[in-house]
Each structure stands twice: as structure tokens, then as C-alpha cells.
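First comes the structure, then the notes that go with it.
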Amino acid sequence: MLNFFQLIIIYAGIYALMAIGQNCITGNTGMLSLCHAGFFCIGSYATAIICKTFGLPFWFSLPVAALASGIVGFLIGVPTLRLKGDYLCIATLGLGEIIRNIATNVNPVGMMSVPRAQLFGYQFSSRNKFTFILLIWFFVLIAYILFRQLAHSRLGRAMVAVREDEVAAASNGINVTKYKIGAFTLGAAVGGTAGCFATAYTLTVQPSSFTFMVSVMVLCMVVLGGMGNLLGVILGAFIIEFISYFPQLVGLSSVIPAQASQIIYGLVLVVMMICRPQGILGRDKYRYGDPRSTFSKLRDAVKSRKGGEVKA
Amino acid sequence: MATLVQYLQYLLNGITLGSIYALIALGYTMVYGILKFINFAHGDILMVGAYTGLLTYTALLGDSTNPVWMLTAFFIAMLVSMAFCAALGMFIERVAYKPLRSANRLAPLLSAIGVSFILSNGAAWIFGAQSRRFPYPFDDTPIVIAGLSITPHQILTIVVSVVMMVVLTLFVNRTRMGKAMRATSLDQSTSELMGIDVNRIISMTFAIGSALAAVGGILCSFDFRVYASMGTMTGLKAFVAAVIGGIGNIQGAMIGGLLLGVLESIGAPLLGIPSALRDTIAFAALIIILLVRPEGILGKNEREKV
């Protein structure tokens with residue numbers, strides 16, 4: 001029981017890092033990217049290769065993982081970010097699949113027994129979960145502080161302006177493409193560090209674990225918690241991880257099928273979009289949907305299902 | 001180095017695959033033309049169509065081995081599956097997309113991803129993870145003509161797709177409903193002023209697109225088997241086909257589908273890369289077309305108005 005709680009907290013931390021990256025892309029700048037699994041994959045591989053193949057310490061792999069996924073994000077971003085919303089979504093989705101496809105074709109098994117991370121002679125082993133929680137949440141805290149500062153800076157406000165209205169932002173002298181690529185690269189780099197910690201914890205890398213589902217899960221965390229709200233995003237990571245480990249936690253994993261949690265992710269996306277598009281902790285001011293109250297929207301949704309007319 | 005006959009064989013296989021992509025791409029393109037939004041759940045409707053078709057077909061067939069009844073049962077199953085998917089498509093539009101029609105463009109997209117997740121995982125839950133084979137409704141021994149082998153199911157695929165596309169083209173260009181559809185895709189608010197029931201047209205679009213996806217799902221399950229996540233990859237590639245042809249353009253989707261099928265089939269042997277990378281070819285084609293000609297082959301270049 002305690003073991004599972006610790007596991008949830010560790011995975012929530014890893015995914016919170018990813019969600020912070022996704023939030024920078026989707027929440028702050030308003031680009032729907034679906035290749036966070038790809039960045040996660042690159043980060044994981046970077047750590048595995050550096051620690052195992054080159055035998056270098058884990059701490060060295062951390063910036064390399066961030067840099068590698070950041071560079072890939074930049075290279076992907078330059079051509080694709082000129083595309084409008086829906087095209088971008090598909091292009092990034094395709095790129096995420098390409099990264100996984102290539103990783104699978106290079107080595108379908110992945111890498112095993114990566115050396116453990118060490119700090120002053122102390123080994124972070126997965127048996128001792130508590131120190132791992134400290135390690136991961138320390139970095140989540142750093143990412144949180146950095147990104148909160150970013151959101152309140154000139155750069156962050158420019159990103160929000162791009163999200164709200166690209167044309168208006170451009171006419172106010174904001175270089176839209178530059179900010180989009182910047183946000184994308186930054187988000188990708190954070191996604192890469194999340195992969196780094198995942199490898200340090202599981203000590204294996206398998207290409208089959210970087211599916212499209214991971215990207216959707218991360219997106220779901222951002223949407224659920226509140227787009228553009230960092231605390232909300234971390235809360236979203238907690239909730240989603242809790243949902244996915246709930247069957248094991250209550251010992252009903254034989255009764256509740258594995259698909260149930262994924263169906264819940266889908267429901268979360270649909271229901272949140274209809275009822276509370278700004279997320280649990282999102283602000284009404286920055287809401288994505290139309291400005292009507294939750295109640296009147298629900299009423300209209302029910303009405304339209306009954307075949308009545310909806311007020312525009 | 002492959003010979004000419006081998007390349008012709010790849011071309012033939014590519015056309016078969018491409019006609020399936022074209023059918024599915026039509027659904028994407030019609031919805032995009034009217035609502036300017038990508039129906040992410042379209043690929044999973046294809047999967048639902050394949051399952052419905054498979055279940056109806058096996059239920060109708062029973063133990064019968066009468067060749068005439070086998071073929072009849074197959075077509076009945078196809079019609080049932082089309083009807084079911086049309087209803088499903090309309091239902092999804094009502095519940096998940098309609099309340100978001102006036103919202104930010106990101107909202108319906110996220111909702112569609114959610115619907116797609118619900119459908120594919122719901123199917124995995126109900127039918128299990130194991131893939132099933134769609135039995136051929138006829139003896140599927142290849143016919144060999146001058147070194148080229150063509151199987152009856154390939155002929156069926158091409159014939160059914162061509163019939164569907166011709167019917168759709170006639171419907172869109174010759175009927176009153178089709179005219180209303182074209183008007184709505186040009187300008188929604190003006191067509192509403194002209195007395196067109198836009199909500200009905202949108203429902204209709206989803207119904208037609210989903211019915212075509214059901215046909216595509218059944219046809220592609222001959223080659224790819226039936227499983228819960230079958231729609232994801234096929235649906236994505238059909239979307240790529242729609243973009244290549246020019247999204248929102250019905251003829252474009254047909255051309256794009258055929259082009260993508262042929263490209264995928266011929267690309268790997270032509271470039272000398274393993275055929276496991278054919279998915280990569282499709283997405284590389286997408287990114288190249290988006291960079292070179294973002295509006296697609298037949299698309300119009302639209303400027304964004306403020």
C-alpha cells in the first residue's frame with residue numbers, strides 16, 4: 001500500500017516534469033503538440049546511452065538529455081511551427097511516431113541494466129523509493145520555479161499574447177514564430193529531463209513504452225489541471241497517475257480492466273472541454289471555451305442532446 | 001533491384017491500399033470542409049465499422065458455405081455497419097462536438113482526441129486485445145495475369161471504393177442536399193440565412209463520412225486484421241492523404257489517398273529501405289507537402305482574415 005503510494009508519487013513527479021514542458025507548449029503558447037512521448041523517448045535513450053555505453057555519471061546525462069531533446073524539438077519546430085493549429089497537431093503526432101518507429105527499428109528490445117544514479121557515493125536504487133521521491137520532486141520544484149518566473153516575465157507574457165491572438169500579437173511587434181519555436185524547444189527539453197529520471201528509476205529503456213498514449217496522458221494532465229497554470233498541471237499529473245494506479249492500489253487489478261483508466265482519460269478530455277475548459281485550477285479570464293457559465297453550458301448541452309436549439 | 005513486373009505489382013498493391021485511404025480520407029475532408037476541424041475519432045469509427053461488419057457477417061453466415069449467400073451476407077454486413085457507424089458519428093457530433101462549436105479551436109480537437117481514446121479502449125475492453133481475421137467472402141486465390149498477381153479481395157476493394165466515390169461525387173454535385181453541403185462549407189452563416197438547416201447538414205456530413213469510414217474499415221481488415229487500435233494508424237494515414245490532396249476538397253482526398261497508397265507501396269523498395277519504415281515514409285510525405293505546398297495538391301490558398 002505504502003509502496004504503491006510512493007510509486008504514484010515518483011511517477012507523478014516524472015510526469016509532472018513532462019506536463020510542465022507540455023504546459024509551456026500548449027498552456028502558455030497555445031500550440032497543440034502531441035509528441036511529448038518522443039521527447040521522453042529521446043531523453044531516456046540519452047541517459048541510457050551515456051550511463052551505460054559511455055559509462056559516464058548520471059548527472060552528466062541530465063543536461064545532455066535536455067540538450068538532445070531540445071535540439072530535436074528545435075529541428076522539428078522550425079519547419080512545423082509555421083503550420084496552423086490542427087496541422088501542427090498532426091505533424092507533431094507523426095513525428096512522435098517516427099521517433100518511436102526509428103527507435104524500434106534500431107533495437108526493438110531497448111536497453112537493459114543501466115547503471116544507477118549516484119550522489120556523493122549514495123546510490124539511488126528503486127528499492128529505496130523515498131530518496132527517489134526527494135530527487136525527483138527537487139527537480140520538479142526547480143522546474144516549477146523556473147517556469148513560474150518565465151510565465152511572469154516579458155517572454156511569458158509574449159507567449160500568452162501569441163496564444164490569445166497571433167495576428168494581434170504580431171501587430172504588437174511580437175515575433176510569433178520566434179516565440180513559438182522557443183517555447184517548443186524549452187518544452188521539449190523539459191520532456192527530455194523527465195525521460196532521464198524515468199530511466200534512472202526503471203534502469204531500462206523500451207521503445208514500446210513511448211506510445212502515443214503517453215503523449216495523450218500528458219496532454220490530459222495539462223487540460224485537467226488547467227492550461228497555463230503550473231500548480232494545476234502538477235495536480236493534474238497527480239490525479240492522472242492516481243487513476244492509472246488505482247486498481248493496483250485497492251487490489252482490484254484483476255477486476256478492473258487496464259483499459260478502464262484510459263477510457264477515463266478520454267472522458268476527462270471530453271467532459272472538461274464541455275464543462276470546464278480552463279481546467280480545475282484554471283482562471284476564468286483565460287478560459288478556452290466560450291464565456292458562458294458552466295451551468296448554462298451544461299443546460300445547453302443537455303438541451304442540444306434533446307434536439308433543442310442552442311443559443312449561439 | 002526489382003524488375004518492372006515487380007514494380008507494377010507494387011503499383012497495383014498501392015492502388016488497392018490507396019483506394020481504402022481515399023475512402024477514409026473523404027470523411028476527414030468533408031468534416032474539415034464544413035467545420036474546419038479534424039475529427040480525430042474518425043479512425044476509431046473505422047475500427048467500430050470493422051468490428052460491426054465482422055460480427056454481423058459471422059452472425060449472418062452461421063455455418064453456411066453457399067458462395068452466393070456468403071457474398072450477399074458480406075454486403076448486408078457492410079450496409080449494417082455503414083448504418084451503425086453513421087448513427088454513431090452523428091451521436092458523437094451531438095454529444096462531444098456540438099456544444100463546442102463556438103469555442104476556441106483547440107477545444108473540439110481535444111474533445112475529439114478524448115472520444116478517440118474512449119472508442120479504442122472501449123473496444124479493447126469489450127473485444128479483448130487479440131486481433132481477429134476477417135474471413136474472405138469468397139475463395140481468395142490470386143489470379144495471375146502476365147506475372148502480375150491480383151487477388152479477388154483486391155478487386156472487391158477497388159470496385160467498392162470506386163462505386164462509393166462515384167456515388168458520393170454524384171450526391172455532392174447533383175442533389176439538393178449536396179448543394180446545401182457545398183454552400184455550408186463555403187460560408188456557414190450565409191447559408192443559414194438562405195434557409196439551410198446547418199445543424200442538419202453537419203449531422204449529415206458526419207453520417208456520410210462515418211459510413212464511408214465503415215466501408216474503409218471492413219475493406220482494410222482483409223489485409224490488416226481487426227483489432228481495437230487498428231484505426232489509429234490507418235486513420236492517421238488517411239488524414240495524411242486528405243492533407244496531401246488538399247483538405248476540404250473531395251476530389252483532393254481521392255487523389256491524395258491513391259497517391260499515398262502508391263507512395264507507401266513503392267517507396268520502400270525504390271529507396272531500398274526496410275518496409276517496416278513505410279509509416280515513416282507516409283509522415284515524411286506529410287511534412288514535405290506541408291512545407292512545400294501547405295494547401296495540398298488541389299487546395300485553395302486561403303489567407304487568414306482578421
Sort B:Leu46, A:Leu93, B:Leu106, A:Leu119 so the one with the fewest other Cβ atoms within 10 Å of its own Cβ comes first.
A:Leu119, B:Leu106, A:Leu93, B:Leu46
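Would you mind giving the three semi-axes, in whole Å and largest first, of the ellipsoid equivalent to chain B according to its Cα gyration tensor?
Working: eigenvalues 190, 118, 67 Å².
Equivalent ellipsoid semi-axes, largest first: 31, 24, 18 Å.
What full-extension length gain, to one decimal in nm, is calculated for B:Arg176 and B:Leu270 as 0.36 nm per residue of separation minus the Cα-Cα distance? Please report the intermediate quantities before stating the final value.
Details: separation 94, 0.36 × 94 = 33.84 nm, distance 4.61 nm.
Here the answer is 29.2 nm.
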If you find the alpha carbon centre of region B:67-124 and of region B:173-204, how far apart are they in angstrom?
22
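Rank the residues B:Glu192, A:Glu166 as a footprinting-exposure proxy: fewest other Cβ atoms within 10 Å of their Cβ go first. Write down the numbers at each step before the final one.
Working: B:Glu192 15, A:Glu166 19.
Ordered by Cβ neighbours within 10 Å, fewest first: B:Glu192, A:Glu166.
So what's region B:1-77 giving for Cα Rg divided by 2.2 N^0.38 Å, two decimals?
Values: Rg = 17.8 Å, N = 77, 2.2 N^0.38 = 11.5 Å.
Relative to the 2.2 N^0.38 Å estimate, region B:1-77 comes out at 1.55.
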Per-residue Cβ counts within 10 Å, from other chains only, averaged over B:118-126: what number is that?
5
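How high is the relative contact order of region A:2-305, in percent, counting Cα pairs under 8 Å that sit 6 or more residues apart? Could you put the intermediate results ahead of the total?
Details: 485 pairs, mean separation 97.7, N = 304.
Across region A:2-305, relative contact order equals 32 percent.
Partner chain Cβ atoms within 10 Å, averaged over the residues of B:191-203 - can you pull that number for me?
Numbers: counts 0, 0, 0, 0, 0, 0, 0, 0, 4, 0, 0, 0, 0.
For peptide B:191-203, the averaged partner shielding equals 0.
Give me the count of lysine pairs in region A:2-305 whose alpha carbons sit under 27 angstrom apart, restricted to pairs 8 or more positions apart or on different chains.
Values: A:Lys52/A:Lys129; A:Lys84/A:Lys178; A:Lys84/A:Lys180; A:Lys84/A:Lys285; A:Lys178/A:Lys285; A:Lys180/A:Lys285; A:Lys285/A:Lys297; A:Lys285/A:Lys303.
Qualifying lysine pairs in region A:2-305: 8.
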Taking N as the residue count of region A:1-98, its alpha carbon Rg divided by 2.2 N^0.38 Å gives 1.23
GNM on chain A, Cα springs under 10 Å; top mean-square fluctuation among A:Cys196, A:Cys24, A:Cys275 goes to A:Cys275
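Using a Förster radius of 22 Å, what is the FRET efficiency between A:Ile71 and A:Asn175 based on their Cβ-Cβ separation? Nearest 0.05, please.
Numbers: r = 21 Å, r/R0 = 0.94.
With a Förster radius of 22 Å, E is 0.60.
Using the Cα atoms of the protein assembly as shown to build a convex hull, what is its mean projected area in square nanometres? Could the numbers behind the result be given before it?
Working: hull surface 119.6 nm².
Taking a quarter of the hull surface, the average projection is 29.9 nm².
Grab the alpha carbons of region B:1-147, take their convex hull, and tell me the volume per residue in Å³.
On the way: hull volume 24.7 nm³, N = 147.
Convex hull of Cα atoms, per residue: 168 Å³.
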Specify the residue with the greatest mean-square fluctuation among B:Leu186, B:Leu88, B:Leu168, computed from a Gaussian network of chain B linking alpha-carbon atoms under 10 Å apart.
B:Leu186
Cα extents of region A:2-305 along the three principal axes, largest first (Å)
57, 49, 36
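Just to be sure I follow the rule: in chain B, considering lysines 8 or more places apart or on different chains, how many pairs have Cα atoms under 22 Å apart?
Values: B:Lys36/B:Lys98; B:Lys36/B:Lys179; B:Lys36/B:Lys237; B:Lys36/B:Lys300; B:Lys36/B:Lys305; B:Lys179/B:Lys300; B:Lys237/B:Lys300.
Qualifying lysine pairs in chain B: 7.
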Cα-based helix-to-principal-axis angle, B:67-92 vs chain B, degrees rounded to 10
30
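What's the FRET efficiency of A:Leu56 with A:Ser113 using the Cβ-Cβ distance as r and R₀ = 22 Å, to the nearest 0.05? Walk me through the intermediate numbers first.
Numbers: r = 16 Å, r/R0 = 0.72.
Once the sixth-power term is evaluated, E becomes 0.90.
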Among B:Gln154, B:Ile196, B:Ile208, which residue has its Cα furthest toward the positive end of the charge dipole of chain B, with +1 on Lys/Arg Cβ and -1 on Asp/Glu Cβ?
B:Ile196
If contacts are Cα pairs under 8 angstrom and at least 6 residues apart, what is the relative contact order of chain B in percent?
36
Enumerate by residue number the chymotrypsin sites (Phe, Trp or Tyr not before Pro) in region B:106-213 meeting two conditions: DSSP loop (anything except H, G, I, E, B), and at most 16 other Cβ atoms within 10 Å of the site's Cβ.
B:Phe138
Centroid-to-centroid separation of region A:223-261 and region A:139-168 [C-alpha atoms, Å]:
26
Quarter of the Cα convex hull surface for region A:96-142, i.e. its orientation-mean projected area (nm²)
5.2
Pick out, in residue order, every one of the chymotrypsin sites (Phe, Trp or Tyr not before Pro) in region A:1-77 that is DSSP loop and has at most 16 other C-beta atoms within 10 Å; say none if there are none.
A:Phe54
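Coordinate-derived values only; no laboratory data. Source: prediction; values computed, not measured. Positions of Cβ are backbone-derived with ideal geometry, glycine not excepted, and every protein chain shown enters the neighbour counts.
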